[in-house]
Amino acid sequence: MIFELVVAGLRAVQEYVALHVLTCLIPAFLLAGAMVAFINKEVIMARLGAAASKPASFATATGASFFVAACSCTVIPVSSGIYYSGAGRRRQTFCR
């Protein structure tokens, strides 16, 4: 009986992981790749970079969030794609 429960649990985990990869991870990586390939770096820097105003940045991020699922496995590839394109990068200044 315990063996059957363990096997059933492992099958449920296997099914969940397979479904999760198909419905979350693959679309997230495709979306991140499309953003890096098709959105100009200057546009991202203007809307999400260091020189952008906070309200414009939050509005852009809020609007873009409707296209991604709200789990971390989807947000991380998309966020890294945006960061790779230049969002959030600031010129380094050193205070002395």
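Read-outs: derived from the displayed coordinates by stated rules, not from any lab. Everything quoted here is computed from the prediction, not taken from an experiment. All Cβ positions, glycine included, derive from the backbone under ideal geometry; neighbour counts span all protein chains shown.
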Shape category assigned to the stretch 2-84 from the gyration tensor of Cα positions, a/c cut at 1.5: prolate
Burial ordering of Tyr84, Tyr16, fewest other beta-carbon atoms within 10 Å first: Tyr16, Tyr84
Proximal charge balance of Thr60 [Cβ under 15 Å; K/R count +1, D/E count -1]: +2
